[in-house]
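The block underneath contains the structure these notes are about, expressed in C-alpha coordinates.
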Amino acid sequence: MSTMKFDKQKYRVYTWKNWAMLHWILNPALAINELILGQRVPKISLEDKTIDKPRIERSFVPCPHCETLHDSRTWATANGTCRNCGNTIPCLTNWLSFLILAITSPIWYWFRKSLRAKWLAKQPERYENIDIEHVPNPFGEKNWIKTGLSWGAFMFIFMEIGFRSFQGKEITGRSLLVGIVLWTISGLIFGYVMKLLTNSKGKKKTSAV
Ligand SMILES: [Zn+2]
(Lines give C-alpha, C1' and ligand atoms only; values in the text may rest on other atoms or scores of the structure.)
Protein backbone atom coordinates (compact mmCIF):
# COMPACT_ATOMS: atom_id res chain seq x y z
CA MET A 1 0.00 0.00 0.00
CA SER A 2 1.51 3.31 -1.04
CA THR A 3 1.61 6.32 1.22
CA MET A 4 -0.63 8.90 -0.30
CA LYS A 5 0.35 12.53 -0.56
CA PHE A 6 -2.32 15.21 -0.43
CA ASP A 7 -2.40 18.89 -1.21
CA LYS A 8 -2.32 20.28 2.35
CA GLN A 9 -3.39 23.73 1.12
CA LYS A 10 -6.61 22.31 -0.22
CA TYR A 11 -7.34 19.40 2.11
CA ARG A 12 -7.35 18.84 5.80
CA VAL A 13 -6.27 15.22 6.28
CA TYR A 14 -7.95 13.18 9.01
CA THR A 15 -6.14 10.14 10.40
CA TRP A 16 -6.29 8.37 13.75
CA LYS A 17 -4.39 11.32 15.20
CA ASN A 18 -7.51 13.49 14.97
CA TRP A 19 -9.65 13.60 18.15
CA ALA A 20 -12.87 12.58 16.39
CA MET A 21 -11.14 9.54 14.94
CA LEU A 22 -9.54 8.64 18.28
CA HIS A 23 -12.97 8.97 19.83
CA TRP A 24 -14.26 6.41 17.32
CA ILE A 25 -11.51 3.98 18.36
CA LEU A 26 -11.69 4.56 22.14
CA ASN A 27 -15.33 5.13 23.14
CA PRO A 28 -16.70 1.65 23.93
CA ALA A 29 -20.29 2.80 23.30
CA LEU A 30 -19.45 3.32 19.64
CA ALA A 31 -18.89 -0.42 19.22
CA ILE A 32 -22.70 -0.47 18.91
CA ASN A 33 -22.58 1.95 15.99
CA GLU A 34 -19.95 -0.16 14.36
CA LEU A 35 -21.23 -3.68 14.97
CA ILE A 36 -24.99 -3.19 14.99
CA LEU A 37 -25.66 -0.05 12.99
CA GLY A 38 -22.85 -0.94 10.63
CA GLN A 39 -21.19 2.48 10.56
CA ARG A 40 -17.59 2.66 9.42
CA VAL A 41 -14.97 5.37 9.64
CA PRO A 42 -12.27 5.17 6.97
CA LYS A 43 -8.67 5.31 8.21
CA ILE A 44 -7.99 8.36 6.10
CA SER A 45 -10.47 11.01 5.04
CA LEU A 46 -10.06 14.44 3.52
CA GLU A 47 -11.92 17.65 4.05
CA ASP A 48 -11.74 20.23 1.27
CA LYS A 49 -11.00 23.52 3.06
CA THR A 50 -11.71 25.65 0.01
CA ILE A 51 -15.41 24.92 -0.57
CA ASP A 52 -18.18 26.82 1.24
CA LYS A 53 -20.51 23.88 1.81
CA PRO A 54 -21.52 21.63 4.71
CA ARG A 55 -18.66 19.32 5.67
CA ILE A 56 -20.49 16.22 4.52
CA GLU A 57 -20.50 17.63 0.98
CA ARG A 58 -16.81 18.43 0.94
CA SER A 59 -15.44 15.30 2.60
CA PHE A 60 -13.67 12.67 0.58
CA VAL A 61 -12.47 9.14 1.16
CA PRO A 62 -9.28 8.36 -0.75
CA CYS A 63 -8.60 4.84 -2.00
CA PRO A 64 -5.09 3.77 -0.90
CA HIS A 65 -4.91 1.32 -3.81
CA CYS A 66 -5.61 3.59 -6.77
CA GLU A 67 -5.86 7.03 -5.09
CA THR A 68 -9.37 7.75 -6.37
CA LEU A 69 -11.20 10.29 -4.19
CA HIS A 70 -14.71 9.21 -3.26
CA ASP A 71 -17.37 11.68 -2.25
CA SER A 72 -18.05 10.74 1.38
CA ARG A 73 -21.78 10.58 0.67
CA THR A 74 -21.29 7.80 -1.88
CA TRP A 75 -18.81 6.07 0.38
CA ALA A 76 -21.17 4.66 2.95
CA THR A 77 -20.94 1.41 4.83
CA ALA A 78 -22.79 -0.37 2.07
CA ASN A 79 -20.06 0.79 -0.24
CA GLY A 80 -17.01 -0.30 1.66
CA THR A 81 -15.04 -0.82 -1.51
CA CYS A 82 -13.45 1.53 -4.01
CA ARG A 83 -15.71 2.26 -6.93
CA ASN A 84 -12.76 2.48 -9.31
CA CYS A 85 -10.58 -0.52 -8.48
CA GLY A 86 -12.93 -2.63 -6.36
CA ASN A 87 -10.47 -3.00 -3.47
CA THR A 88 -11.56 -2.60 0.14
CA ILE A 89 -10.92 0.78 1.74
CA PRO A 90 -9.37 0.27 5.20
CA CYS A 91 -11.40 1.48 8.17
CA LEU A 92 -10.76 2.20 11.83
CA THR A 93 -11.81 -0.41 14.37
CA ASN A 94 -13.26 0.42 17.75
CA TRP A 95 -11.35 -1.47 20.48
CA LEU A 96 -14.50 -3.03 21.92
CA SER A 97 -15.78 -4.24 18.55
CA PHE A 98 -12.32 -5.65 17.89
CA LEU A 99 -12.53 -7.52 21.20
CA ILE A 100 -16.07 -8.76 20.50
CA LEU A 101 -15.06 -9.89 17.01
CA ALA A 102 -12.02 -11.67 18.43
CA ILE A 103 -14.06 -13.45 21.11
CA THR A 104 -16.77 -14.50 18.69
CA SER A 105 -14.32 -15.45 15.93
CA PRO A 106 -14.78 -19.22 16.42
CA ILE A 107 -18.38 -18.64 15.30
CA TRP A 108 -17.81 -16.59 12.16
CA TYR A 109 -14.28 -17.69 11.23
CA TRP A 110 -15.42 -20.66 9.13
CA PHE A 111 -17.86 -18.57 7.12
CA ARG A 112 -15.67 -15.55 6.57
CA LYS A 113 -14.61 -16.41 3.02
CA SER A 114 -18.09 -16.99 1.69
CA LEU A 115 -19.49 -13.97 3.57
CA ARG A 116 -16.76 -11.77 2.17
CA ALA A 117 -17.18 -13.04 -1.38
CA LYS A 118 -20.93 -12.32 -1.22
CA TRP A 119 -20.34 -8.86 0.21
CA LEU A 120 -17.75 -7.94 -2.42
CA ALA A 121 -19.96 -9.16 -5.23
CA LYS A 122 -22.75 -6.84 -4.13
CA GLN A 123 -20.69 -3.63 -3.98
CA PRO A 124 -20.69 -2.43 -7.62
CA GLU A 125 -24.48 -2.55 -8.01
CA ARG A 126 -24.87 -0.52 -4.83
CA TYR A 127 -23.01 2.36 -6.37
CA GLU A 128 -25.33 2.40 -9.33
CA ASN A 129 -28.32 3.22 -7.17
CA ILE A 130 -26.87 6.29 -5.53
CA ASP A 131 -28.38 9.68 -6.23
CA ILE A 132 -25.80 11.97 -4.70
CA GLU A 133 -28.04 15.02 -4.32
CA HIS A 134 -30.57 13.01 -2.34
CA VAL A 135 -28.40 11.10 0.09
CA PRO A 136 -30.09 11.99 3.38
CA ASN A 137 -27.88 13.55 6.03
CA PRO A 138 -28.88 11.88 9.33
CA PHE A 139 -27.32 14.81 11.17
CA GLY A 140 -28.76 17.56 9.00
CA GLU A 141 -30.65 20.57 10.34
CA LYS A 142 -33.92 18.61 10.58
CA ASN A 143 -32.63 15.15 11.40
CA TRP A 144 -30.02 15.39 14.13
CA ILE A 145 -32.50 15.39 17.05
CA LYS A 146 -34.31 12.37 15.66
CA THR A 147 -31.07 10.51 14.94
CA GLY A 148 -29.61 11.41 18.34
CA LEU A 149 -32.76 10.30 20.17
CA SER A 150 -32.99 7.02 18.23
CA TRP A 151 -29.38 6.33 19.11
CA GLY A 152 -30.18 7.18 22.76
CA ALA A 153 -33.23 4.89 22.73
CA PHE A 154 -31.17 2.10 21.26
CA MET A 155 -28.42 2.60 23.84
CA PHE A 156 -31.02 2.72 26.60
CA ILE A 157 -32.43 -0.68 25.65
CA PHE A 158 -29.00 -2.15 25.05
CA MET A 159 -27.34 -0.85 28.23
CA GLU A 160 -30.14 -0.56 30.79
CA ILE A 161 -32.00 -3.74 29.86
CA GLY A 162 -29.62 -5.94 27.84
CA PHE A 163 -26.32 -5.20 29.51
CA ARG A 164 -27.83 -4.98 33.00
CA SER A 165 -29.43 -8.40 32.79
CA PHE A 166 -26.24 -9.75 31.27
CA GLN A 167 -24.37 -8.46 34.34
CA GLY A 168 -27.00 -10.03 36.59
CA LYS A 169 -28.07 -6.64 37.97
CA GLU A 170 -31.65 -5.94 38.89
CA ILE A 171 -33.71 -3.69 36.61
CA THR A 172 -35.71 -1.30 38.77
CA GLY A 173 -37.98 1.67 38.18
CA ARG A 174 -35.17 3.86 39.40
CA SER A 175 -32.55 2.34 37.09
CA LEU A 176 -34.94 2.75 34.15
CA LEU A 177 -35.67 6.37 35.03
CA VAL A 178 -31.99 7.23 35.43
CA GLY A 179 -31.34 5.41 32.15
CA ILE A 180 -33.99 7.37 30.26
CA VAL A 181 -32.59 10.70 31.46
CA LEU A 182 -28.98 9.67 30.85
CA TRP A 183 -29.52 8.29 27.34
CA THR A 184 -31.83 11.11 26.27
CA ILE A 185 -29.14 13.64 27.19
CA SER A 186 -26.35 11.49 25.71
CA GLY A 187 -28.38 11.03 22.53
CA LEU A 188 -28.94 14.77 22.12
CA ILE A 189 -25.25 15.49 22.74
CA PHE A 190 -24.26 12.77 20.28
CA GLY A 191 -26.66 14.16 17.64
CA TYR A 192 -25.51 17.72 18.21
CA VAL A 193 -21.78 16.92 18.06
CA MET A 194 -22.36 14.92 14.87
CA LYS A 195 -24.38 17.81 13.45
CA LEU A 196 -21.48 20.18 14.12
CA LEU A 197 -19.00 17.70 12.67
CA THR A 198 -20.92 16.95 9.49
CA ASN A 199 -22.19 20.44 8.73
CA SER A 200 -19.46 22.89 9.62
CA LYS A 201 -18.61 24.95 6.57
CA GLY A 202 -15.23 25.48 4.94
CA LYS A 203 -13.67 28.88 4.52
CA LYS A 204 -14.25 30.58 1.23
CA LYS A 205 -11.01 31.08 -0.60
CA THR A 206 -9.91 34.63 0.17
CA SER A 207 -8.41 36.38 -2.81
CA ALA A 208 -4.78 37.36 -2.40
CA VAL A 209 -4.34 41.04 -1.61
ZN1 LIG B 1 -9.24 2.17 -5.67
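The values are calculated or read from the model by the stated rules, or taken from the named source; none is laboratory data. Quantities reported herein were computed from a predicted structural model and do not represent experimental measurements. Positions of Cβ are backbone-derived with ideal geometry, glycine not excepted, and every protein chain shown enters the neighbour counts. Protein only, heavy atoms only, side chains kept; ligands, DNA and RNA dropped before computing areas. Shrake-Rupley method; radii C 1.70, N 1.55, O 1.52, S 1.80 Å.
Taking the listed residues 83, 112, the one that is within 16 Å of the ligand (Cβ to nearest atom), open to solvent by 80 Å² or more (accessible area, probe 1.4 Å) and at pLDDT below 85 is 83, with no other qualifying.
On inspection, residue 73 does not qualify as in a helix (DSSP H, G or I) and either more than 16 Å from the ligand (Cβ to nearest atom) or loosely packed, with under 13 Cβ neighbours inside 10 Å (or both). Restricting attention to the range 32-70, the residues that are more than 11 Å from the ligand (Cβ to nearest atom) and touching a Ser or Thr at 6+ places or on another chain (Cβ under 8 Å) total 16.
Filtered by the rule that a residue be surrounded by fewer than 16 Cβ atoms within 10 Å (Cβ to Cβ) and in a helix (DSSP H, G or I), the range 10-33 gives 19, 20, 22, 23, 26. Restricting attention to the range 50-105 and to residues that are aromatic (Phe, Trp, Tyr) and touching a residue at least 12 places away in the same chain (Cβ under 8 Å), the residue that is farthest from residue 201 (Cα to Cα) turns out to be 95. Yes or no: the range 34-44 includes at least one residue that is over 25 Å from residue 186 (Cα atoms) and crowded, with 16+ Cβ neighbours inside 10 Å. Checked the range 34-44: at least one residue is over 25 Å from residue 186 (Cα atoms) and crowded, with 16+ Cβ neighbours inside 10 Å.
Scanning the range 125-177 for residues that are in a loop (DSSP other than H, G, I, E, B), of a type in the set (D, E, K, R) and at pLDDT 85 or above, which turns out least open to solvent (accessible area, probe 1.4 Å)? Looking at the filtered set, the residue picked out is 169.
A Cβ distance below 9 Å, combined with a sequence gap of six or more or placement on separate chains, defines the contacts here; from the range 3-15, residues that are closer than 19 Å to residue 66 by Cα reach residues that are of a type in the set (Phe, Trp, Tyr) and surrounded by 16 or more Cβ atoms within 10 Å (Cβ to Cβ) in the pairs 11/60. What tally of residues in the range 17-57 results from selecting those that are in contact with a Lys or Arg (Cβ under 8 Å, 6 or more places away or on another chain) and more than 21 Å from residue 183 (Cβ to Cβ)? Selection size over the range 17-57: 12.
Taking into account only those residues within the range 86-109 that are more than 16 Å from the ligand (Cβ to nearest atom) and outside any helix (DSSP H, G or I), which is farthest from residue 44 (Cα to Cα)?
Within the range 86-109, the match that is farthest from residue 44 (Cα to Cα) is 104.
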